Structures are given as structure tokens and as C-alpha cells.
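Chemist: Okay, here's the structure, questions in a sec.
The values are calculated or read from the model by the stated rules, or taken from the named source; none is laboratory data. Quick caveat: nothing in here was measured; it's all calculated off a predicted structure. Backbone-built Cβ (ideal geometry, glycine too); neighbour counts: all protein chains shown. Ligands, DNA and RNA are stripped out before the accessible areas are found, and what is left, the full protein with its side chains, is counted by its heavy atoms. Shrake-Rupley method; radii C 1.70, N 1.55, O 1.52, S 1.80 Å.
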Amino acid sequence: FFASPRSLPVVLLQGHSRFGTSSSPAVSETHPHQWLGSQRELVWRFDAGKGGWRREETTVCVTVTHNGDFDAFELYGQTVSNATLGLWLTRVLHHCNTAKGDSAKFAGLMDLMVCQGRWFSSVRYAFVRVCMLHIDQASGWEPLTPQAPNSVPSNRFFAEVAGCFDAMWSKWVGQAPDILPEVEDIERLATAVKGELGGRLSQRAMAVFDEVDLTDEVLTAFCLEACLCFFNQDLLTSIHSFFKHAEGTFGVSATCTLWPHSIVLAAKGQPVSLAFDMERPIAVWSSEPSALTVSWPTAPGGRPKRLATARWDLNDAAGEAVELRVFEGASAQHHIEAADKALAGGLSSARYFATPDIKIAQERKFHILIRGSSLDHSPRPLSAAAFAARWVRLRAPPFRTARGAKPAAAGPSLDPVEADIRDIPAILSDIDSSWTDRASLNLMSGQKFSGCLHRLLEQKQDDSIDVLVFGVENSLWMGQQFAADMKRIFPKLNFMAISSNWVLGMLQRAQGNIEPKNFAIAPQKFRLAPGAIALALSHSGTTYPTVWAARLVTRVFPGVHGFAMSADFDTVLANSIGQDLTMGSFTGALFSTMAGVRPAEPATAASIAMHHTLTCLLLECARGVAKRSGRSWRFERKRDDGDCELDADEVKDLERLAATLLPASERICGATQCRQTRGSDTYRELQRIGDYVSTHLTEGWYSTFWMCFYVYVSVTFHLPIFSAFWSRYVAEKTALDEDEVTFQLVGYIVAHIDAHLYVFLAVLLMLLHRLVRGRRLWTRFIARTLVVVDSTVNYKLLRAYGSKLGALAFPFTAFKVAGQNGEDHFVHEMTHLAQS
């Protein structure tokens, strides 16, 4: 695509890398999704430049991607689960989709809703909206289960009814080929079709109407709805219709072959960012803003060029949808005016406009025009001015991931985990520099954080939460240790570190919220002090429980000072606390761990970077509070005021201790802060230990492989080792006759020995492997368990790291990972498992 886009005038790529949550990883669950797939259908198109309306049979296919969770959908006034929705769609569309995940149902609803210019689909959608009153009506009023019948009228019925609408519309078009009906015209068309239905439909079709008790009023509503769907339900309008009734979080894209140069992107609860280079022109989108900072492929040795020159983020908090459409030739102004004269769809107020960097009167080979709308029940169109206000020009150089990895030209790249480990010293060096540079954003935010902390110390009155730290997984565990350390330094304040999901459970009251029943504080007592600090931790900056918790905390507690820490300053999390690229000044509420994009799931560099950044923040708080308190820190202790438990010497000790991390990391990681390979005794010893530990994990693979090899060879060529040796060598040199009982008895004994070898060969190979690698012979012949015994934060981080490494291993090398605090629960939880 990037190397040779000249073969096609417009190239559209649509995809999504999913993580198997709502369903297992499988081809049928892979994005993009289609429910019906390609279908042949009669389609009416309007083109004022070519004489108005024309009718043709063409292929129709709707394709979608979805990032997030599609929990439920409102049908006929009731909330329907995703699984039940799939059963309903199977009957309504008369097509079964085998995908079990939630995203496929979104594709099915788009197949149902997108029906502009198609009478068959319009009639079907109108029947569902007007003539059906309950989801169980699709299964003959039986409970909707996989075994329930399908009582939705057949496609033949919908085709016959659609034929009546098509015939009447053909008559209208014959009289006025360039007609664009207004509301009154659509009502007259519906009335005309209604008058023709009785005389044109077969008895079988009329019987279907009788079954649904189609009164004159309902028939009028049905005909009008079918006509409205025919003119209004384009891709953008259908997306809006979907979001009016959908529950969950969504970052979606949708395309249809009827509009091959268009795509609709929508976000609600999940981020979607767009990037543009209007000179090429190209538009790309992603759920990760950092993904848009990559470079455009260049010739070997060429200077990297940014993929895009501008960025624009959808408003996922409130919900927003945009349509991108490529027009060929002429000027943007020409295409905007032509689009205004075309069939606009249900969101007729959403008009096309050009991006801010484009001179609309200038002729170009291609143009990318945009229109959009909010996802409210009463949609607000996106204007060119509102779009321009959030338009961000990108000037920084392209970002490179895994900076320690070798370029492809120099040889095979490093394993992502290894590349992250080798990058640790360089990241730590960047962090240290950022906290000593007076102009750095990290130091500015640290000083503001320290100032807020000092004000809390001065005004402390009740037991409200003064500092709330939240995140998930690794970020949460480090946040808990940070809160514990801060509490020891500032005992006067109330620190709390909890999961982002627990924060949402405390503050949300919507359906599906998680209520933390095992937490010692009730939701009614969960309150933050005036001027409290809320620190959100997320390496990626897009962890959605943390993003939404940050939004909710700052909204529920208006006086709270929100801070965020992630791998970059430009993240969704930053936007959630009121700092984005469109702002002209820095708010001093963001911390960067300087780690950048780290796609490896077993976290190393990202965890150490956040840990060290939190350490720097802790030291800045200790220094800052002392400075603002006007205390002399020269060899004196003043602990009686309860503000700070550290004196000057102790702070210096902490600073010296934190400074040892960088040189120690160089010895441990085998690389310098300049990303050069460095050998050390520590690094070599760690590699030796790692090699030794790995032999515990690989012995299963080796023993299984060689055992299978022996079985295949010995059985295929009739060469069991003992039997073959007996029959070919020993028996020939003895005087025994093959018919003698002794000969046969010895043969059975030898065969029995071969049977024992087959049974115990895997164990013997394991013993041989242990002997060669210098390990103890008589340990258990079962799957291995790696037990981490360390402080709480460390064992949790290492347990997650080991578990995710194990998930990447082949089945024969899989292992379990456990961990516990050696000073607390380890003895009670783990030692009873130690056995020979």
C-alpha cells in the first residue's frame, strides 16, 4: 500500500488488531466484520451531474471494525444482551453469523440499518421498526433461544413488497428524473404506494400483513417509514441510529461498497484519533494517538518523513462521528457545492467541508472532505469552525519505537522484550535529566504537585481523602507503593491508592458498574478534601478504566487538582484532565515516564520508568514542602509538626539512592545510557542464571520431541531398539532355534523391555537432560512453577511479567507463576507446596 499506491486512485484500508476478550482468538472473530457479506441488490443512485436518478443491480457489502465492548442494545423499549441480539439478527436477516464476539452484532445492525437507495433493505428495516413490537415476535413469541423458530417474513416477502415501492418510485422518476423529494413529497409517495399495495401483492404476502395485524394506521406508518429509510439511511445516519440505542464503549469504522470512497469513524467511550497529510493526500486513524507519529516509508538511507502533518481527535467522551470522503479532480469548493445538491441523508444538516490547511478554490488531483455530527439523540452537526478549533499541526520528528532495536538493514531486530530491557538505562537517563532541567515539563508538574500537597498540609481538617492515586495492574501496584511511601513521609495526610475500576464503582450509578464490596469505605463516604490531589497512572495513557475514572473524579469533585502520569505528554488521559495539544499553554498537570511506545506485553522498561518517575516526584515533594514551609534543613529534625518525617540528611540519602539506579541498570541490562552494548560480571551472571532456569522450562519440550522422534522411527521401520538388537545380532550368534520355547520366551521378555522404554522414555530423557545441564536429577516430573518472593509491589510486577512471558511460550514450555510477600503471607500460602 505505502510502496505503490499509484495502482488505485483511492486506497481504503480498514482493520483492527483485537485482544480476545469477548470471544476466543479465531478467524471468525477477526476484524473487519461482515454479517451478510456481499449481496446483489437493486440500488437507486442520484447524481445531478449525470441526469439525476439511475437504477442498477450491484454488489452491496457493509464492513465494520469495533474497538471496545458492545454490551447491549435497546429494542422495543427493552435492553437486549449482545448474545440475544445475535439470535434476533439471525432471524431478521435470515443469515447466521458464527462469530461469538460482540463486534459481529454491530456489523449485523449496520446491514439492517444502511438502506439508502435500496427498497428491499428499506422495506425490511421499516417492517422491523413498525410492524414488530417485541424481540420474541421474531421467534413466534417463544423465548428467543437458538432452538426457537424463525417467524420473521421471508426475503421473498420483502422483495415482493419492495417491488411495489420500486414500481411507484420508477413512475415518479420517469416524470421528474432529477427530483430530490422534500418531506411532503415523501409523504405523498408513501400514500401512493399504500394505495397500490392491495392490488399488487400476492395472497401470500397479504397473509403476512394479516398475521401482524396490520391496521390502516400501521400500514400508513410502515409505508412512510420505508420511504424515509430509502432516502435517509446512509452510512453516517445509520451510525447515529445505532448509537442512539447501543450500550458499551465504541471506537468504530464502517464502510459500504455503495460509497467506495467514504468511511465513517465514530467514538464513544473509546478513543479515535485521525491524522492527515493533505498534500498527498492521506488520512489515517487509530485508537492509539502515538500510532499516528510513525514515519512514512522512505528509500534506504533516506531521511524519515512524518506520516501526517496534522491531527484531529474525535470527542469520545460525549460521542462523535465523522465521515471522510475522497473526491477526485476539480476544487474542494466545487465538490462541496455538488454535495449540497446531492441526496444528503437523514443528517442533512451535516455538510461537507475541507480541512483548515486547504484552499478550497484550488484544483487538486484528490480532495478529502469531512462532515460529522455528535451522537446525541438530537444530533449537532460538526462545523468547519469547530473542526478547525481542534486541528493540531504536527511538527515534532517521527517517533521510533523500541529505540534499542537494531535497524533491519543491520540484521534481525531484537526481541521486543529484550529491546525494552536494553533501553532501560537510556530511559532512566532521560528521566533524571527531565527532573533536573528547570525548564522541563516534568519538573514544572512536580513543583505544582508539591505546592498542592503543601496547601493540603496547611488546611488539613477532617478524614477526607487528600491524595487519591488510581490505575490498573502494574500502574496501580506502583501507585500503591508510592502512596504508602508518601504516607510515611507525610503522615498528616490521608492517602488512598485503589483500582480505577473501584473508583468507577464508587462514583458511578449506571447499570453494569462494579461495586467494590470488599472495600473498607462505602461509596457514600468516598469523598475528597477541598483542593485534593487525584493522580491517574497509565503507561499507555489510553487505559480506559483510568481515563474514565479521571474524567469522573474531576467532574464529581470540581475542586480536585487532577494529575496524570503516562509514557508521553500527548495521550487520551492527558486530555481527560484538561490538557491537550490544542491548548497554547502547559497546565503543569502531566508527568511523562519518558518510556514512549512499548508494545511488548511483558512490561520491563515501562514499569521501571514509572517507578523511577514516581521516586523523582516523591523527592520533589519532600524538597518542595520543606522549602515552602520555610524550614531550615541543615542538620535539624522537626517531626513534631507532622508535616514531613524526613530531614535534610535523609532526603540526601534518598537522592543518592535514586541516583544509583542508572549505573546499576547499565550493569544489569548489558547496555549503557547511550544504547551501547556493555558487558559486566552482573550481566553475565544473570544470563547464566537465566540459562539455568530456562532448562527447567525446556526439558519438557526436548523430552517430548526426542520421544516422538524415537516412536515414529522405531514403529515405522519396525526397529524397537532392544527387539531389533536381539533379533539381528544376539539371536544370530546363538544356537537357539526360532521355534524353541526359550527363543520365543526371550523375545517376549525383550519386547516387554521395549514396552517399558516406550512408557518411561520421556522420564529417561528428562533425567538425561538434567544430567547434561548439571541439575538435580530427582525433582518432580511435572510442570514448573516460578515463585517470586519479594515486597508486595515487586512480587506483583514480577508475577505479571513472568506470567505474560509464559503466555508467549509454546505449550511444552508453559509454566505457572506465583508470588507473595516473604514478610507476610508467603509461608502460609506457598510452603505447603514444597515437596520432593
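Chemist: Evaluate E = 1/(1 + (r/R0)^6) for GLU458 and ARG527, where r is the Cβ-Cβ distance and R0 equals 30 Å; express this FRET efficiency to the nearest 0.05.
Modeler: With a Förster radius of 30 Å, E is 0.95.
Chemist: While we're looking at this one, here's another question. What does the net charge come to around ASP71 if you take all other residues with beta carbon closer than 10 Å to its beta carbon, with K and R at +1 and D and E at -1?
Modeler: Numbers: positive: none; negative: ASP69, ASP102, GLU247.
It works out to a net charge of -3.
Chemist: Just the number, please: carbon plus sulfur as a percent of the accessible area of the chain, 1.4 Å probe, no ligands or DNA/RNA counted.
Modeler: 56 percent
Chemist: No solvent, one uniform scatterer per C-alpha: report log10 I(q)/I(0) for the chain via the Debye equation at q = 0.08 1/Å, two decimals.
Modeler: For the requested q values the scattering log ratios are -0.90.
Chemist: Also, I was wondering about something else. Using only the Cα atoms of the range 119-244, what semi-axes does the equivalent ellipsoid have when each is the square root of 5 times a gyration tensor eigenvalue? Give whole Å, largest first.
Modeler: Result for the range 119-244: semi-axes of 26, 19, 12 Å.
Chemist: If you don't mind, another one. State, as an integer percentage, the relative contact order of the chain based on alpha-carbon contacts under 8 Å between residues 6 or more apart.
Modeler: 8 percent
Chemist: Could you order the peptides 704-713, 312-321 from most to least packed, using the average number of other C-beta atoms within 10 Å per residue?
Modeler: Final packing ranking: 312-321, 704-713.
Chemist: Do any of LYS525/LYS796; LYS492/LYS796; LYS492/LYS525; LYS105/LYS244; LYS268/LYS448; LYS105/LYS804 go past 22 Å between their Cα atoms, and which? List each step's numbers first, then the result.
Modeler: Details: LYS525/LYS796 29 Å; LYS492/LYS796 28 Å; LYS492/LYS525 19 Å; LYS105/LYS244 15 Å; LYS268/LYS448 32 Å; LYS105/LYS804 31 Å.
From LYS525/LYS796; LYS492/LYS796; LYS492/LYS525; LYS105/LYS244; LYS268/LYS448; LYS105/LYS804, over 22 Å: LYS525/LYS796; LYS492/LYS796; LYS268/LYS448; LYS105/LYS804.
Chemist: Could I ask something else about it? Please give the Cα centre distance for the range 234-255 versus the range 259-283, rounded to the nearest Å.
Modeler: The range 234-255 and the range 259-283 have Cα centres spaced 15 Å from each other.
Chemist: Hey, if you put +1 on the Cβ of every Lys and Arg and -1 on every Asp and Glu Cβ in the range 180-316, which of GLN203, GLN270, THR293 ends up farthest toward the positive end of that dipole?
Modeler: It is THR293.
Chemist: Now for a separate question. Could you pull the Rg and Dmax for the range 760-824, using just the Cα atoms, both in Å?
Modeler: Using the Cα atoms of the range 760-824, the pair Rg, Dmax is 14.7, 43 Å.
Chemist: Right, another one. What does the accessible area per residue of the range 232-357 come to in Å², with a 1.4 Å probe and no ligands, DNA or RNA counted?
Modeler: 36 Å²
Chemist: Between the range 738-759 and the range 125-197, how many Å separate their Cα centres?
Modeler: 81 Å
Chemist: For ARG667, ARG306, ARG188, what's the largest-to-smallest order of accessible area, 1.4 Å probe?
Modeler: ARG188, ARG667, ARG306
Chemist: Sort out for me the Cα centre separation of the range 455-471 from the range 570-611, rounded to whole Å.
Modeler: If we compute the Cα centre of each part, the gap is 24 Å.
Chemist: Any idea of GLU182's accessible area? Nearest 10 Å², probe 1.4 Å.
Modeler: Roughly 110 Å² of GLU182 is accessible to a 1.4 Å probe.
Chemist: Still on this model: Rounded to the nearest 20 Debye, what is the dipole magnitude of the range 18-77 about its Cα centre when Lys and Arg each give +1 and Asp and Glu each give -1 at the C-beta? Present the calculation step by step, with values, prior to reporting the outcome.
Modeler: Values: 6 positive and 8 negative charges, 81 e Å.
Around 380 debye, computed over the range 18-77.
Chemist: Compute the distribution of all C-alpha to C-alpha distances in the range 53-92, in bins of 10 Å from 0, and list the percent of pairs in each, rounded to whole numbers.
Modeler: 21, 36, 24, 18, 1
Chemist: Sorted by average packing, counted as other Cβ atoms within 10 angstrom per residue and highest first, what order do 100-106, 670-676 take? Working shown, then result.
Modeler: Working: 100-106: 23.6, 670-676: 16.0.
For the peptides 100-106, 670-676, the packing ranking is 100-106, 670-676.
Chemist: Run the Debye formula on the Cα coordinates of the range 314-354, all scatterers equal and no solvent, and tell me log10 I(q)/I(0) at q = 0.16, 0.22, 0.25, 0.33 1/Å.
Modeler: -0.50, -0.81, -0.94, -1.25
Chemist: Oh, and also: Note the per residue figure in Å³ for the convex hull of the C-alpha positions in the range 200-292.
Modeler: Considering the Cα atoms of the range 200-292, their hull volume per residue is 157 Å³.
Chemist: Using only DSSP helix segments of four residues or longer, with each worth -39500 (n - 2.57), what per-residue ellipticity at 222 nm results for the chain after dividing by its residue count and rounding to 500?
Modeler: Mean residue ellipticity, 222 nm, calculated: -13500 deg cm²/dmol.
Chemist: From the convex hull of the Cα coordinates of the range 71-114, what is the mean projected area in square nanometres?
Modeler: Reported value for the Cα convex hull: 2.9 nm².
Chemist: Separate question: Any idea what the dipole of the chain comes to, in debye rounded to 20, about its Cα centre with Lys/Arg Cβ at +1 and Asp/Glu Cβ at -1?
Modeler: Working: 82 positive and 85 negative charges, 445 e Å.
That gives the chain a dipole magnitude of about 2140 debye.
Chemist: Under a plain spin-label model, where a point goes 7 Å from the Cα along Cα-to-Cβ, how far apart in nm are THR716 and VAL772?
Modeler: Spacing of the two 7 Å Cα→Cβ label points: 2.1 nm.
Chemist: Report the percentage of all Cα-Cα pairs in the range 58-185 whose separation exceeds 23 Å, rounded to a whole percent.
Modeler: 39 percent
Chemist: Listed highest first by mean packing, meaning other Cβ atoms within 10 Å per residue, what order do 559-568, 170-179, 774-783, 371-380 come in?
Modeler: Working: 559-568: 23.4, 170-179: 12.4, 774-783: 10.0, 371-380: 18.4.
Ranked by mean Cβ neighbours within 10 Å, highest first: 559-568, 371-380, 170-179, 774-783.
Chemist: Can I ask one more? Probe of 1.4 angstrom, ligands and nucleic acids ignored: what's the accessible area per residue over the range 543-615, in square angstrom?
Modeler: Ligands and nucleic acids excluded, the figure is 32 Å² per residue.
Chemist: Let me ask something else. Run through the DSSP bridge list for the range 178-314 and note the antiparallel percent, rounded to the nearest 5.
Modeler: So the antiparallel bridges amount to about 95 percent of the total.
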